[in-house]
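Asks: My structure is below; once you've seen it, I'll send some questions.
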Amino acid sequence: MVPATRLYERRLGRVIQECLAARKELLLEMGGLDRAPALATVRARRLGERFLTRFAALRREIEVTPVPSGGTRCQGALRRWIDLHVRACDALARLGFGSDLRPIGAAARYIGDARLAAREFNRAHRVFAAPLAA
């Protein structure tokens, strides 16, 4: 394996692990929003702000990671996956002080769409990594 590709795989693996940990935590906390409906907008807004910062930092890290030959599709799919989480968190962070909870639904849809992006990434990564494993 070429050193640049090895470095890319290591960095990619670390970013993916951090993304998955953030996603798990985000989903867990989103699931608890209905426990105190009167505070849902405030809690969701804070949740969005906190995770927006995390996912945006991970997106920046991916953007500055040099992509080896053949890794462009893989990189693009991971970026889309992260972007959908950024959009979900941004929707939560923009919640108003009223009773309009539609942004929570929008955030849930973005996170649902991220599952498709994850599948796309997995396919692209298998194609990218296959020659490396041979």
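The values are calculated or read from the model by the stated rules, or taken from the named source; none is laboratory data. Keep in mind that this is a model prediction, so the values were computed, not measured. Here Cβ is always computed from backbone atoms with ideal geometry, including for glycine, and neighbour counts include all displayed protein chains.
Asks: Name the residue, out of Ala36, Ala22, that is surrounded by 16 or more Cβ atoms within 10 Å (Cβ to Cβ), in contact with a helix residue (DSSP H, G or I) (Cβ under 9 Å, 6 or more places away or on another chain) and either farther than 24 Å from Arg119 by Cα or in contact (Cβ under 8 Å) with a residue 60 or more places away in the chain (or both). Spell out how you get there, then give the answer.
Replies: Numbers: Ala36 fails: surrounded by 16 or more Cβ atoms within 10 Å (Cβ to Cβ).
The match here is Ala22.
Asks: If you don't mind, there's one more thing I want to ask. For region 62-82, what are the residues that are hydrophobic (A, V, I, L, M, F, W, C) and either within 11 Å of Ala117 (Cα to Cα) or in contact with a Cys (Cβ under 7 Å, 6 or more places away or on another chain) (or both)? Steps first, answer last, please.
Replies: In the first step, residues of region 62-82 are kept if they are hydrophobic (A, V, I, L, M, F, W, C); the result is 62, 64, 67, 74, 77-78, 81-82.
Once the filter is applied, which keeps residues that are hydrophobic (A, V, I, L, M, F, W, C) and either within 11 Å of Ala117 (Cα to Cα) or in contact with a Cys (Cβ under 7 Å, 6 or more places away or on another chain) (or both), region 62-82 yields Cys74, Ala77, Leu78, Trp81, Ile82.
Asks: Among the helices (runs of 4 or more DSSP H) contained in region 1-118, which hold 1 or more residues that are modelled with pLDDT of 90 or more and at positive phi? Write out each step before concluding.
Replies: Numbers: elements: 3-31, 40-63, 72-93.
So the answer is none; nothing clears 1.
Asks: Which residue out of Ala114, Ala22, Ala44 is more than 21 Å from Phe128 (Cα to Cα), of a type outside the set (S, T, N, Q) and touching a Phe, Trp or Tyr at 6+ places or on another chain (Cβ under 9 Å)? Can you show your working first?
Replies: Values: Ala114 fails: more than 21 Å from Phe128 (Cα to Cα); Ala44 fails: touching a Phe, Trp or Tyr at 6+ places or on another chain (Cβ under 9 Å).
Of the residues listed, the single one that is more than 21 Å from Phe128 (Cα to Cα), of a type outside the set (S, T, N, Q) and touching a Phe, Trp or Tyr at 6+ places or on another chain (Cβ under 9 Å) is Ala22.
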